Ligand code: BTN
């Protein structure tokens with residue numbers, strides 16, 4: 001990856017400082033270790049990850065040299081209860097950037113999957129550093145399948161994953177996509193920091209393909225099904241159960257049925 005190109009072209013604080021590696025365990029872990037030596041908006045980028053982490057303890061397959069694996073270090077001044085909004089902000093930024101740079105009809109599946117043609121193009125994993133209940137840092141990890149041949153993904157993942165190359169038939173510049181993501185994050189992080197949650201949530205709602213759909217949400221031993229009605233001010237899913245009751249769900253694995 002051409003890091004100098006990214007640094008030169010980003011607008012705002014995101015990506016002005018980049019730590020670049022060929023291979024790491026996980027860029028989120030490296031970013032957490034570097035956090036005290038960095039300023040807000042610093043980015044850790046790696047060509048490949050040996051122990052890429054996904055949500056809910058999953059592995060993130062991170063082949064070298066083809067996709068984007070990056071973690072952005074934030075110091076958001078928001079309350080702990082609003083932490084999910086950080087990921088909502090990143091999902092909005094990534095979906096907008098991907099739509100602009102690739103022309104693909106990228107949508108967001110609650111809470112933060114980047115979806116195209118019903119398959120997963122990317123995901124976001126936010127790790128928080130807290131002290132006495134206060135957020136001192138958020139490491140926003142972004143994985144985007146850009147030029148990977150998804151045939152390289154193992155069995156189960158192959159069925160649910162896609163890449164920009166697979167969807168368009170073309171190779172794309174990872175730098176261009178990363179620059180767009182960081183530029184959009186600059187914009188949407190400003191919205192988050194001025195507590196314009198309505199603007200952020202309404203953009204998330206515009207970009208999501210989850211609301212209004214019949215869904216199943218699984219978290220550990222629990223399973224809920226119903227209609228995905230909305231999200232609340234803290235990013236929780238409002239699931240309308242068959243009884244008509246509204247269940248607020250903070251986290252889980254969502255499948256759209258129809
Ligand atoms: C998900 O499960 O959807 C979240 C995937 C997040 C993957 C990215 S790749 C860069 C960063 N480093 C990691 O180990 N994970 C995130």
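The values are calculated or read from the model by the stated rules, or taken from the named source; none is laboratory data. All values reported here derive from a predicted model rather than from experimental measurement. Glycine also receives a Cβ, built like all others from the backbone with ideal geometry; neighbour counts cover every protein chain displayed.
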Practice problem: Return yes when residue 71 is assigned to a loop (DSSP other than H, G, I, E, B), crowded, with 21+ Cβ neighbours inside 10 Å and near the ligand (Cβ under 10 Å from one of its atoms) and no when it is not. | Solution: no
Quiz item: Which one of 80, 14 is in contact (Cβ under 8 Å) with a residue 12 or more places away in the chain and over 17 Å from the mean Cα position of the chain (by Cα)?
Solution: 80
Exercise. Could you pull out the residue among 157, 181, 164 that is surrounded by 13 or more Cβ atoms within 10 Å (Cβ to Cβ) and within 15 Å of the chain's Cα centre (by Cα)?
Key: 181
Self-check item: Residue that is farthest from residue 254 (Cα to Cα), among those in segment 26-39 that are outside any helix (DSSP H, G or I) and touching a strand residue (DSSP E or B) at 6+ places or on another chain (Cβ under 6 Å)
Solution: 38
Practice problem: Could you tell me which numbered condition residue 111 fails, if it satisfies all but one of (1) crowded, with 20+ Cβ neighbours inside 10 Å; (2) touching a strand residue (DSSP E or B) at 6+ places or on another chain (Cβ under 6 Å); (3) part of a loop (DSSP other than H, G, I, E, B)? | Solution: (2)
Exercise. Output the residues belonging to segment 12-60 that are farther than 18 Å from residue 129 by Cα, in contact with a helix residue (DSSP H, G or I) (Cβ under 6 Å, 6 or more places away or on another chain) and within 12 Å of the ligand (Cβ to nearest atom).
Key: 24, 46
Quiz item: If you take the residues in segment 2-11 that are touching a residue at least 12 places away in the same chain (Cβ under 8 Å), over 20 Å from the mean Cα position of the chain (by Cα) and in a helix (DSSP H, G or I), which one is nearest to the ligand (Cβ to nearest atom)?
Solution: 3
Self-check item: Residues (assigned to a strand (DSSP E or B) and more than 9 Å from the ligand (Cβ to nearest atom)) located in segment 128-146
Solution: 128, 129, 130, 131, 134, 135, 136, 137, 138
Quiz prompt | Top-ranked residue of segment 210-231 - restricted to ones that are modelled with pLDDT under 95 and not in a strand (DSSP E or B), ranked as nearest to the chain's Cα centre (by Cα) | solution = 220
Quiz item: Mind checking whether some residue in segment 116-123 is closer than 20 Å to residue 200 by Cα, surrounded by fewer than 21 Cβ atoms within 10 Å (Cβ to Cβ) and away from the ligand (no atom under 13 Å from the Cβ)?
Solution: no
Exercise. Give segment 101-127 a look and list any residue that's over 14 Å from the mean Cα position of the chain (by Cα) and within 28 Å of residue 42 (Cβ to Cβ), or say none.
Key: 101, 102
Quiz prompt | Considering residues of segment 46-60 that are touching a residue at least 12 places away in the same chain (Cβ under 8 Å) and within 15 Å of the chain's Cα centre (by Cα) only, the residue farthest from residue 23 (Cα to Cα) | solution = 56
Quiz prompt | Residue list for segment 76-108, restricted to those being within 26 Å of residue 157 (Cα to Cα) and assigned to a loop (DSSP other than H, G, I, E, B) | solution = 103, 104, 105, 106
Exercise. State yes or no: is residue 57 buried (at least 19 other Cβ atoms within 10 Å of the Cβ) and modelled with pLDDT under 95?
Key: no
